[in-house]
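This report refers to the structure that appears directly beneath it.
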């Protein structure tokens, strides 16, 4: 379910994005496209600077996503703004604002054809409505192809590439996740000296082809014995595949794997490191690792709760 706050934020973002083009149009005729594009993204950088300073991205995540980040920076952060600024200098602001809706269309088409993402009926219907609305508003009995319009369309194509590339940054193993909140590392006097200094709530997102290798969420010697994973999407409808896999290494026997499907809103509690197993000599610890099988279609999101800082 989409929260009301998320809807409000999207509407505010859409309003500000729509207002930016008419506001920048008068400037486009008085300065070059490179200067205008630089000013626009300088303002964007200053806007996100406080949040970046407070919650900087992890170095490892940046290193793993460096090639895709480079594509996003060059195509979406450098080429697209220049094309837009050049287009604004050659076309009306109202026309450019309508053409910018093609970013959505180009993103959906690119995601479905090139990145093989699942396009549901709602997304397809919404995209078709955007195209139909733009065609109705810009219909003319004497259509004319202008350079300014082509430049704006090209900018939309660049942003579509940016959107699709950055959307795949968080696919993969548990190290490539989005933190639910950038919280301060635990200051618990027992856990911190033992090496447990990493944030523990995780929001994991897997797209088509995404998977998670077998692992254990151990960041120090002291650990909480149980953890929880909560499904946020509907298996069979929002995504295909992506089963939660647990492998138990049994003493003097073959390892045993268990695959579970986690429904939307369902929680699965599993052991963090070992599972107690009764034996002839009493109890022994069977090492357990967990992972996620390959997502064949759609997007799978889960919330992981690790309680090491409760030790």
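A short reminder: the numbers here are calculations on the coordinates, not readings from a lab. All figures in this text were calculated on a predicted structure; none of them were measured in a lab. Glycine gets a Cβ as well: all are built from the backbone with ideal geometry, and neighbour counts include every protein chain shown.
For region 76-124, enumerate the residues that are in a loop (DSSP other than H, G, I, E, B), within 20 Å of the chain's Cα centre (by Cα) and in contact (Cβ under 8 Å) with a residue 60 or more places away in the chain.
If the condition is that a residue be in a loop (DSSP other than H, G, I, E, B), within 20 Å of the chain's Cα centre (by Cα) and in contact (Cβ under 8 Å) with a residue 60 or more places away in the chain, then 115, 116, 117, 118 are the ones that fit.
Give me a count of the residues in region 225-240 that are in contact with a strand residue (DSSP E or B) (Cβ under 6 Å, 6 or more places away or on another chain) and more than 25 Å from residue 201 (Cβ to Cβ).
1
Any idea which of (1) surrounded by fewer than 18 Cβ atoms within 10 Å (Cβ to Cβ); (2) in contact (Cβ under 8 Å) with a residue 40 or more places away in the chain is the one residue 300 doesn't satisfy?
Only one criterion in (1) surrounded by fewer than 18 Cβ atoms within 10 Å (Cβ to Cβ); (2) in contact (Cβ under 8 Å) with a residue 40 or more places away in the chain is unmet by residue 300, namely (1).
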